[in-house]
Structures are given as C-alpha cells and as structure tokens.
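Asks: Got a structure for you, written out below as structure tokens; questions coming shortly.
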C-alpha cells in the first residue's frame, strides 16, 4: 500500500506540471558527474518565461525541438503551450532519456514526442511546411572535453556560414551552430546558456552569427542569484532569435531576480548596429545614465591586465634562478590573495615572489643569464604559445608599477589596493594607470570608493561563483566627482 501511495503521489506531482524525477536524478548523479555531459536542469519559472516569449512571437508552431531534453522540463511545458505541435527530444544520455519517457507516459504524451538518443550535432530533421521552435538549455561543456573531430566539425560548419570559429568554443556554441544548420528562415530559437560568450574571443563566432543569419531579437542577462542552472552560481543569458531576421532593434534587459522574468517582454531597445561591438556585456546591460558630474573610471584611468609570463614555472624565480642578477628579478603580485591580504595598501614586497624579466637586447645578458636561458630552452620555455608570439622569447615585458592594483577573478567583489611599494603584476590582477598625474590623496580616494561601492554582481559570474571583471567592464564603472569622495589616506596610514 505504501508503494502504491508513493507512486500515486509521484504521478500527481508530474500531472501538476512538476519534475520530481529530474530533481531526484540531479541529486543521485552528482554535479561533477553530470558536468561531463554538460547536464543542468532549468528552473520551471525560467522554462515558463522562455515559452511565453515563444508563444508571443511565434504564432502557429508546427514543430518544437529541444536539443538537450534531459528529463523533459521544456517539452512537458511545450506540450501544454503548443498542443498541436510535433515534439522532438534530443538527449545523448540514455539514463536521462528514461526519465523523459516516464514523464511523457504519465502525461499521455508518448505518441506525440519523438525521442532521439543521440548527439544533437549528428541528427537530421526532415523539412516541414510550418515553423519550428528550437528551445532549451544547451549543455555546457568546456572545449578541453570536446573531441577533436567535433572541433573540426564546428570549424567547418562555421565556414559554411561565412564566419571563422575558434577550437576553444564550448559545446553550447556548437549547439547554436547546429541549430542554424537545421533551421530555415522564420524558425525561432530561445536558449539559456552561460553568458561568457558575450565577451570572450571564442564567442565572436556566435556574436557574428547573431548579427547575421541567426537573427538575434533579444538578450536577457541574468544575475547569478537568478540561478539559471540549479547546481552552478553563474551569470546566464537568454538569447531569443529568429532565423534570417534582420531586426532594426534588439531588446536588452538585465534581470535581477526570478520574479522579473515575466514573459521576457520587458527591456530596452537598442539599434541593431550595436551588435557590431567586439564585446557584448556592456550592450547587454541596461545600465542607468551616469549622473551629472560623475565620470566613468576609464576617463580617469586606463585599466590593464597584468602580463602573461608564458610559463610561471620558468619565469617566477626560484632555486632555478639563483644565479641571476637581482636587477632582473622584480617583486610581483602573483596571487589574488596577496592583494586581498594587503587590505587597502600594499606597503612592502617582502612576501612577494619575484618574476624574471630579462632585457630584450642580448648584449645586456651576462654569462649567468645566458646559462639560465640555455636551461629554460631545455625546459621548452621558448616553444610555449606566448614565447613564440613575443620577440625575443625570453623577455616577459612586465608593465610598469600601477598606482592601484585590483583582483579581477574571485568569489567576492574585486579588491582595490594602493600600490605603495612599486610591485608589478602578472595576469591574475589588473593595474589602474591614471591618464593624468594624480595626487596620492586622489588615488587613495578612488581606491577607497571602489572598494566600498563595486559589487560582485557587477562582474560576470561563472560556474562555482567565480566572478570576473574584464578591464573594459571596470572602466565603465561610474564614480562621483573626486572632490566629493571621502578622504582615505591609505598612502600614509600605518
């Protein structure tokens, strides 16, 4: 009797539009296990919002395709929203497909849904007369888990559509490109993904496609607390598109809570020419106007990420560099925690490691330095990607000391630290360089205001809660007039 009661309760929960099987699966199969296939489960409130957009935009829909169906959260909702549409579920994981079949059986949808247990990139769809809606949460798998043959496929598919592709692209970008292959003009798409493609170099392929044949209509950028993916604190984005459309305007919105999702109709319209920007985080944010008298940080300071060494094991000093002259060893910030521990000001370099930065002129290298370079070559230091793209390969080229240093990736807001000991920084930190000479008091005030007012939500959050601030994002932060900032004398305080 107990088993029958539990079964009846489970059926009733599924009939009420919920997904207890998917929720149980997400607990039984741990996030690291599901991450291998990029399997994440979308909150129902987000599914409903995406379907509301599709229903408003689409009119009659003949077919709906979910490219990574999982337990069927999208398709179960789709069946109610589009009762006459043919439904196609693509799912590579047989275990998840079993849950999907069970949900469909309870809802009486078995005959309506065609299930393809396959890689979405490998499927074909027959042509139809009406419109197809592609909707779902494409799997997020980073490039190092993608087989070389699929990277080759991605590059070839991109070429067919007139764009170049990077082999560093994640799996979710592959799914957008496959959708373009399968779709025809007038078909609709609505996908929720991690948001990093808005800015990173390998996302340029997708950005160009959205500005062209994918026909971007709206971008809704999700604050990490909206939790687009149940097991990962990450910045997400919902992209709404129509194949072949060339809209004159694109709707943009920043969503701060699940309650704001609605039917994805809100936002601001910007000219489609904004899509020619090289980075999209800034255009995706409907930021308020800068108050009178305020200025963007970039008007006051240039923000530069630290130098990439091309091999920290070689270029960070240690026993292997004991014979090098001190003039080639520079105290450097090499870990974010060194800035976090410094609080408001970095006052001495005793606890910092040294980075080897050799002059580019070989005539300035002494015998000990040449011996070190022979050793470095034997370690392959001259064959790394960075070394092969700088001249000469042995000169790291550290940037001058920045008056203000800041962390750029952490599970917390960035830390802005006055650099009072002329430390250099590598690519784990940013340096703020005034465009015009500034007094110590002004630099102290800027760093203090930034520490008090820059929130973690202003950056881009990745899986696990890691938040990144790119230089251009920091430069867009608005500051009040310098004379109004509270005087904080980090440069003189003990």
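The values are calculated or read from the model by the stated rules, or taken from the named source; none is laboratory data. Nothing here was measured: the structure is a model prediction, and the numbers come from that model. Here Cβ is always computed from backbone atoms with ideal geometry, including for glycine, and neighbour counts include all displayed protein chains.
Asks: Of everything in region 103-121 that's free of Cβ contacts under 8 Å to residues at least 40 places away in the same chain, surrounded by fewer than 20 Cβ atoms within 10 Å (Cβ to Cβ) and in contact with a strand residue (DSSP E or B) (Cβ under 9 Å, 6 or more places away or on another chain), which residue is farthest from residue 243 (Cα to Cα)?
Replies: Among residues in region 103-121 that are free of Cβ contacts under 8 Å to residues at least 40 places away in the same chain, surrounded by fewer than 20 Cβ atoms within 10 Å (Cβ to Cβ) and in contact with a strand residue (DSSP E or B) (Cβ under 9 Å, 6 or more places away or on another chain), the one farthest from residue 243 (Cα to Cα) is 109.
Asks: Go through region 264-277 and count every residue that is part of a loop (DSSP other than H, G, I, E, B) and either surrounded by 15 or more Cβ atoms within 10 Å (Cβ to Cβ) or under 20 Å from the mean Cα position of the chain (by Cα) (or both). Walk me through how you get there before you give the answer.
Replies: Initially, region 264-277 is screened for residues part of a loop (DSSP other than H, G, I, E, B), giving 264-267, 277.
Adding the requirement that they be either surrounded by 15 or more Cβ atoms within 10 Å (Cβ to Cβ) or under 20 Å from the mean Cα position of the chain (by Cα) (or both) leaves 264, 267, 277.
The qualifying residues number 3.
Asks: I would also like to ask the following. Return the total of residues in region 7-22 being at pLDDT 75 or above and part of a helix (DSSP H, G or I).
Replies: Initially, region 7-22 is screened for residues at pLDDT 75 or above, giving 7-21.
After this cut, where a residue has to be part of a helix (DSSP H, G or I) as well, the list is 7-15, 20-21.
Counting residues in region 7-22 that are at pLDDT 75 or above and part of a helix (DSSP H, G or I) gives 11.
Asks: Moving to a separate point now. In the list 75, 133, 100, which residue meets the criterion of being part of a strand (DSSP E or B), in contact with a strand residue (DSSP E or B) (Cβ under 7 Å, 6 or more places away or on another chain) and crowded, with 18+ Cβ neighbours inside 10 Å?
Replies: Working: 75 fails: part of a strand (DSSP E or B); 100 fails: part of a strand (DSSP E or B).
So the residue among 75, 133, 100 that is part of a strand (DSSP E or B), in contact with a strand residue (DSSP E or B) (Cβ under 7 Å, 6 or more places away or on another chain) and crowded, with 18+ Cβ neighbours inside 10 Å is 133.
Asks: Being surrounded by 19 or more Cβ atoms within 10 Å (Cβ to Cβ) and touching a strand residue (DSSP E or B) at 6+ places or on another chain (Cβ under 6 Å) is true for just one of 387, 402. Which residue is that? Spell out the reasoning first.
Replies: Values: 387 fails: touching a strand residue (DSSP E or B) at 6+ places or on another chain (Cβ under 6 Å).
None of the others qualify; the one that does is 402.
Asks: Follow-up. Among the residues of region 378-405, which ones are closer than 29 Å to residue 301 by Cβ and touching a helix residue (DSSP H, G or I) at 6+ places or on another chain (Cβ under 7 Å)?
Replies: 396, 403, 404, 405
Asks: Another one. Got at least one residue in region 369-380 being in the same structural domain as residue 479 (by TED's automatic domain parsing) and within 30 Å of residue 478 (Cβ to Cβ)? Working first, answer last.
Replies: Let us first name the residues in region 369-380 that are in the same structural domain as residue 479 (by TED's automatic domain parsing), namely 369-380.
Add one more test, that the residue is within 30 Å of residue 478 (Cβ to Cβ), and what stays is none.
No: zero hits.
Asks: Quick test for you: out of 124, 111, pick the one residue that is in the same structural domain as residue 217 (by TED's automatic domain parsing), within 24 Å of residue 170 (Cβ to Cβ) and part of a loop (DSSP other than H, G, I, E, B).
Replies: Values: 111 fails: within 24 Å of residue 170 (Cβ to Cβ).
Only one candidate qualifies: 124.
Asks: Hey, could you check region 470-494 for residues that are surrounded by 14 or more Cβ atoms within 10 Å (Cβ to Cβ) and over 25 Å from residue 292 (Cα atoms) and say which is modelled with the lowest pLDDT?
Replies: Looking at residues that are surrounded by 14 or more Cβ atoms within 10 Å (Cβ to Cβ) and over 25 Å from residue 292 (Cα atoms), I get 489.
Asks: Right, another one. So, in region 36-62, of the ones that are at pLDDT below 85 and in contact with a strand residue (DSSP E or B) (Cβ under 7 Å, 6 or more places away or on another chain), which residue ends up farthest from residue 21 (Cα to Cα)?
Replies: Here is the first cut: in region 36-62, the ones at pLDDT below 85 are 36-43, 58-59.
Then drop every residue that is not in contact with a strand residue (DSSP E or B) (Cβ under 7 Å, 6 or more places away or on another chain), which leaves 40, 42, 58.
Details: 40: 14, 42: 13, 58: 30 Å.
The residue in question is 58.
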